[in-house]
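What follows is a set of notes on a single structure, which appears directly below.
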Amino acid sequence: MAEKKRIVLDVLRGETVFPPPIWMMRQAGRYLPEYRETRKRAGGFLDLCYNPDFAVEVTLQPIKRFGFDASILFSDILVVPHALGRDLRFEEGRGPVMTPIAMEDIATLSTEAFHEVLAPVYETVRRLRKELPEETTLLGFCGAPWTVATYMIAGHGTPDQAPARLFGYRHPEAMRDLLDLLARQSADYLIRQIDAGADAVQIFDSWSGVLDEACFQDYCMRPVAEIVRRVRAVHPDTPIIGFPKGAGSLYDGYRAATGITALGIDWSVPLSQAKTLQGHGAVQGNLDPLRLVAGGKALDEGVDAILRELGSGPLVFNLGHGITPEAPIAHVERMVARVREATT
Ligand code: CP3
């Protein structure tokens, strides 16, 4: 069966493969000259996301260049609020900008045009599954409700998500309504991506590390568990990767509380803790993206430590967060070669 050869899927389901399969978060992005060229032709970032010709092209770029074992759909987590009627633009050097949502706006979010707006994303997934090599795992994704909500509430990125945290303390019911709506829509969005050909999906909770324990349970674990429940009801066998970035010791209960299949870990997770987490299923990560920028000894030692500590269990080699635009291509090549040539 074709799927048998997709080793990322085998590992996500708990098999140990050495050397481990490898891909990178944000592998299609500004560190690639071919990405910058396509982005210029497309016009803006959202034109890339909503045009299947461009989105397929940039998704395939890192696969052609590095032969990664997984390909991640090119899109953005903020297309979900956009499809719920919120405005969204990406400003050069500033990132995403939206009109901050007020408490009274939450009830006016409309799901009517949701799948219509996102139809080009589903078309991109369909085309990708046809164009990718048979052995390359295709990953769909969404943002976790909390992380998406932080941008909806502040209207832009902030270092500590103070606006969203305050919103939650002041308006707990409105926060719950917003997160519940995002969980339902995100689950539907992932189900459609899987229908279209995604082999597995990842839920990015990039800002889970700023919350206290009670809020982490309420804003991160509870809505992600709801997404997992809904996706599993339709696609019980599709692996789901959860990535609660910065969760620290709260990583320990995350898999059991949410039901995710595999756990994405950031570089601040000690490898000894990662080894324990791996006792319950696959882990994915966790090289510091700045080791990739630095290269040389810093890169080699970082790669070797992960392979040494986690290589004897189910591991998908990845960065601990997205690759940055400054990362030299030669360093990516060196990392891939070092992982692929590793011996036990
Ligand atoms: O290759 C891939 O990983 C797939 C594409 C992808 C993008 N964004 C493309 C992108 C994925 C999976 C994302 C997820 C995403 N988007 C997250 C979660 C993961 C993470 O990095 O924490 C978040 C928080 C966002 C929101 C977002 N989008 C921000 C904060 C920014 C600005 C920061 C930046 O790097 O510029 C974006 C823009 C964005 N999304 C770019 C890319 C390639 C850069 C846009 C450009 O080309 O100018």
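The values are calculated or read from the model by the stated rules, or taken from the named source; none is laboratory data. This is a predicted model, so every value here is computed, not measured. Note that each Cβ is placed from the backbone with ideal geometry, even for glycine, and that neighbours are counted across all protein chains shown. Side chains are part of the model used for accessible areas, which takes the heavy atoms of the whole protein and leaves out ligands, DNA and RNA. Shrake-Rupley method; radii C 1.70, N 1.55, O 1.52, S 1.80 Å.
Residues in region 242-273 that are closer than 14 Å to Leu319 by Cα and hydrophobic (A, V, I, L, M, F, W, C) were compared, and the one that is most open to solvent (accessible area, probe 1.4 Å) is Trp267. The residue list Ala107, Ala144 contains one member that is more than 22 Å from Pro62 (Cβ to Cβ), in contact (Cβ under 8 Å) with a residue 60 or more places away in the chain, within 10 Å of the ligand (Cβ to nearest atom) and of a type in the set (A, V, I, L, M, F, W, C), which is Ala144. Restricting attention to region 198-230, the residues that are within 16 Å of the ligand (Cβ to nearest atom), under 25 Å from Arg6 (Cα atoms) and not charged (D, E, K, R) add up to 7.
Scanning region 96-142 for residues that are open to solvent by 50 Å² or more (accessible area, probe 1.4 Å) and among the charged types (D, E, K, R) returns Glu104, Glu112, Glu116, Glu123, Arg126, Arg127, Lys130, Glu131, Glu134, Glu135. Do we find that Gly285 is within 16 Å of the ligand (Cβ to nearest atom), touching a Gly at 6+ places or on another chain (Cβ under 8 Å), open to solvent by less than 30 Å² (accessible area, probe 1.4 Å) and at pLDDT 95 or above in this structure? Yes; evaluated as a whole, the condition is true for this residue. Looking only at residues of region 30-73 that are in a loop (DSSP other than H, G, I, E, B), near the ligand (Cβ under 9 Å from one of its atoms) and open to solvent by 10 Å² or more (accessible area, probe 1.4 Å), we find that the one that is modelled with the lowest pLDDT is Gly44.
For (1) away from the ligand (no atom under 15 Å from the Cβ); (2) surrounded by fewer than 19 Cβ atoms within 10 Å (Cβ to Cβ), each residue gets a yes or a no:
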site: Gly295; (1), (2): yes, yes
site: Asp300; (1), (2): yes, yes
site: Leu307; (1), (2): yes, no
site: Pro314; (1), (2): yes, no
site: Ile323; (1), (2): no, no
site: Val332; (1), (2): no, no
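Being crowded, with 24+ Cβ neighbours inside 10 Å and under 17 Å from the mean Cα position of the chain (by Cα) is a property that Ala225 lacks.
When region 147-199 is filtered for residues that are part of a helix (DSSP H, G or I), open to solvent by 10 Å² or more (accessible area, probe 1.4 Å) and hydroxyl-bearing (Ser, Thr, Tyr), the ones remaining, listed by number, are Tyr151, Tyr169.
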